[in-house]
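FYI, it's all coordinate maths here, none of it is from the lab. The shown structure was predicted, so the numbers you read here are calculated from the model rather than taken from an experiment. Neighbour counts run over all protein chains shown; Cβ positions are idealised from the backbone, glycine included.
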Amino acid sequence: MLQRTIGDRSVSAIGLGCMNLSHAYGAPPSPEAAEKLLLRALHLGVTMFDTAALYGFGANETLVGRVLKPHRAKFLLSSKGGMAGVDFPDGVKRVIDGSPAAIRRNCEDSLRRLQTDVIDLYYLHRLDMKVPIEDSVGAMAGLVREGKVRMLGLSEVSATTLRRAHAVHPIAAVQNEYSLWTRNPEIALLAACKELGATLVAFSPTARAFLTGKLRDVSTLEAKDIRRGMPRFYPDNYAANLRLLDGYARIADDAGCSMAQLSLAWVLAQGEHIVALPGTTSQEHLEENLGADAVALSAQTLERLNELINQHTVTGPRYNAATQAEIDTEEFPP
């Protein structure tokens with residue numbers, strides 16, 4: 001597979017986001033099916049697996065740890081803290097907490113669930129607006145000194161926050177949403193990552209299945225699917241966005257690839273310091289996604305894509321107002 005670099009590690013240019021094996025997009029697959037998918041990805045050459053304390057409130061880390069422990073030396077393992085499930089009298093709830101104590105607790109819990117002595121790449125999952133980034137990254141740097149973590153990352157942050165964090169400890173990667181329909185990293189983050197030597201790990205590179213062309217009717221989404229709360233997937237907005245797909249499908253045909261492969265190839269073409277991180281529960285889709293690293297897009301094809309799908313042609317913001325208030329990324333004006 002095509003290789004990219006994170007810190008001092010070479011990894012497959014297309015990794016595997018493990019979240020939806022336990023969390024977020026409706027009912028997860030059976031443990032047996034999830035295990036087969038993880039092992040198939042490893043067999044096909046994926047060398048970056050991404051999880052988080054939040055996903056399934058620890059269940060995803062437990063799954064990844066159990067299945068991949070025998071193969072630990074073959075891949076880069078990344079996880080995230082600073083946002084996790086916390087027990088309350090009325091149940092477990094998601095809490096953003098970037099305090100040094102919470103980060104240490106999250107990391108030690110993750111190490112136990114992942115059945116490993118060290119996490120290769122450990123992200124701050126969200127900036128805690130109540131805690132200076134210097135304090136959060138300072139605590140994470142302590143985990144590096146103790147040998148519990150090898151490299152540090154940030155998720156859903158701005159270029160300004162990246163620079164402040166990098167002044168405390170080198171940041172190897174920033175995991176932000178990036179695709180044809182989410183261009184926010186182009187405002188400032190992509191350039192800052194390149195300048196500082198950080199890799200941009202692009203999550204949702206297929207636009208949460210929109211760019212695969214396989215999700216045509218949002219009414220079919222399960223009740224607990226997180227996309228139901230995202231404005232771009234509201235029925236009226238999605239109907240407007242679907243009108244982009246006819247032209248997009250023609251470009252994919254002309255490029256000789258599937259629509260999903262086109263979206264991933266576009267992401268990888270935006271810079272050598274970018275890794276794509278799609279997720280799937282389907283072995284068929286996994287194999288389709290991994291074929292994208294062999295797709296070479298001409299300058300003309302890239303121009304056609306950029307003109308068709310961008311921040312001006314997509315209808316609806318990516319998050320609702322409550323979620324957006326938790327996010328530190330640069331945003332295009334409405």
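Compute the long axis of helix 259-268 from its Cα atoms, compare it with the longest principal axis of the Cα atoms of the chain, and write down the angle in degrees, 0 to 90, nearest 10.
60
Quick one, can you get me the convex hull of the C-alpha atoms of the stretch 69-210 expressed as volume per residue in Å³?
Numbers: hull volume 19.9 nm³, N = 142.
Residue-normalised Cα hull volume stands at 140 Å³.
For the stretch 216-334, what's the radius of gyration and Dmax over Cα atoms, in angstrom?
Values for the stretch 216-334 (Cα only, Rg and Dmax): 15.5, 41 Å.
Pairs on different chains or at least eight residues apart, Cα atoms closer than 21 Å: how many lysine pairs in the chain fit?
11
Once the Cα atoms of the stretch 1-71 are picked out, what are the Rg and Dmax in Å?
Computed over the Cα atoms of the stretch 1-71, radius of gyration and Dmax are 12.4, 37 Å.
At 222 nm, what value in deg cm²/dmol follows for the chain if DSSP H runs of at least 4 each add -39500 (n - 2.57) and the sum is divided by all its residues, to the nearest 500?
On the way: 12 runs with 120 residues, N = 334.
Computed ellipticity for the chain at 222 nm equals -10500 deg cm²/dmol.
Name the long-range amide H neighbours of residue 199: under 5 Å, sequence gap of 5 or more, or other chain; modelled H, no Pro or chain starts.
Answer set, sorted by chain and number: 7, 173, 174.
I need the phi-derived Karplus couplings for the stretch 237-250: 6.51 cos²θ - 1.76 cosθ + 1.60, θ = phi - 60°, integer Hz, Gly and Pro marked x.
5, 5, 4, 5, 5, 4, 5, 6, 6, 5, x, 5, 4, 5
Using only alpha carbon positions, build the gyration tensor of the stretch 71-150, then give the equivalent ellipsoid semi-axes as the square roots of 5 times its eigenvalues, largest first, whole angstrom. The partial results should precede the final answer.
On the way: eigenvalues 94, 55, 19 Å².
Semi-axes, largest first: 22, 17, 10 Å.
Before anything else, pin down the relative contact order of the chain: Cα pairs under 8 Å, at least 6 apart, normalised by residue count, whole percent.
Reported as a whole number, the value is 20 percent.
Compute the orientation-averaged projected area for the stretch 120-191 from the convex hull of its Cα atoms and round it to one decimal in nm². Don't jump to the answer; show the numbers that get you there.
Numbers: hull surface 19.4 nm².
Average of the hull's projected areas for the stretch 120-191 equals 4.8 nm².
For residue 258, what is the net charge nearby, where nearby means another residue's Cβ is under 12 Å from its Cβ and Lys, Arg count +1, Asp, Glu -1? Please report the intermediate quantities before stating the final value.
Values: positive: 214; negative: 253, 284, 287, 288.
Here the charged neighbours net out to -3.
Mind sorting out which of (1) 12; (2) 9; (3) 17 is the real percent of Cα pairs over 38 Å apart computed from the coordinates?
Recomputing percent of Cα pairs over 38 Å apart here gives the entry labelled (2).
Within 13 Å, Cβ to Cβ, of residue 148, how many net charges do the neighbouring residues add up to if Lys/Arg are +1 and Asp/Glu are -1?
Details: positive: 104, 105, 112, 145, 150; negative: 108, 109, 117, 120, 146.
So the environment of residue 148 carries a net charge of 0.
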